[in-house]
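First up is the structure itself, then whatever we jot down about it.
Just so it is clear, none of the values below were taken in a lab; they were calculated from the coordinates. This one's a predicted model, so the numbers in the text were calculated from it and none came from an experiment. So basically every Cβ, Gly included, is an ideal-geometry build from the backbone, and we count neighbours across all protein chains shown.
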Amino acid sequence: MSTITSVPAKTPVVYPESDGLPMSDNTLQFHWIVTIKGGLDAVFRNDANVFVAGNLLWYPVEGDNTIRIAPDVFVVFGRPKGHRGSYMQWLEGNIAPQVAFEILSPCNRLGKILEKLRFYERYGVEEYYVYDPDHPEITGWMRKDGELKEIPEMKGWVSPRLQVRFDLVDDELCLYGPDGKKFASYVELAERADRLAAQLKALGIEPEA
């Protein structure tokens, strides 16, 4: 007589959409996360297959929800725009984020950044950039021969993937899109709009609402 043995069903793996940590540790870090993310959104606004995210959990390995990281900002070429609760790589054509940004804070210093560097190196990131707004400094790494190697000079560096230029002006990071326009904060964008409206008004042209 044959015996039928039941196989217990596997418990589905849950991939949380939050790691329980705040998006930022202070207003300065938050300012730069939003400015960089918004600037990249603007650069790639007309490309439907570039996904830009901020503080979104990335799971590179199916079946293991402990392998994860939430870059301050990351960019994925080859994936459509749209809202996501997390970035599960196996559901995204197995395409890893190619570019990652981290903004330093008092709680996110050298040891943590090097730990993230090892993670990004292992799981396929091509370019990794770290900005320290408290001691204005930008550091970058570029993938070469399977490893992320430090970029010797970041001032004037142009990202091969993003075509964004990096600079430090008056002890502050400046990023310029392919069109030469500087990434701006919401306040700076509002001020630009106000100046344009004033110029149009002076010419007798009423700007559209």
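Observations on the model:
- Look at ILE69, ILE103 and count the other Cβ atoms within 10 Å of each Cβ; fewest to most, that gives ILE69, ILE103.
- The stretch between LYS144 and GLU115 holds 8.6 nm of extra length on full extension. This uses 0.36 nm per residue minus the Cα-Cα distance.
- Of GLY85, PHE101, TRP141, farthest towards positive along the dipole that unit charges on Lys, Arg, Asp, Glu beta carbons give the stretch 64-187: GLY85
- Under a model in which nothing but the beta-carbon of Lys, Arg (+1) and Asp, Glu (-1) is charged, the chain shows a dipole of about 580 debye around its Cα centre.
- Relative to the longest principal axis of the Cα atoms of the chain, the long axis of helix 27-43 makes an angle of roughly 90 degrees.
- With Cα atoms, 0 to 90° folded angle of helix 110-122 axis to the chain main axis: 60 degrees
- Cross-linked pairs LYS116/LYS181; LYS112/LYS181; LYS112/LYS144; LYS155/LYS201; LYS81/LYS201: Cα-Cα separations exceed 28 Å for LYS116/LYS181; LYS112/LYS181; LYS155/LYS201; LYS81/LYS201.
- In nm, spacing of pseudo-spin labels at GLU172 and ASP41 (7 Å Cα→C-beta vector): 2.1 nm
- Summary value for the stretch 27-184: 16 percent relative contact order, contacts being C-alpha pairs under 8 angstrom separated by 6+ residues.
- Positive-end extreme of charge dipole, the chain - chosen from TYR59, GLY156, ILE205 (charges on Cβ): TYR59
- Taking amide H atoms as placed 1.01 Å from N in the peptide plane, the amide H of LEU168 lies under 5 Å from those of GLY156, CYS174, each 5 or more residues away in sequence or on another chain.
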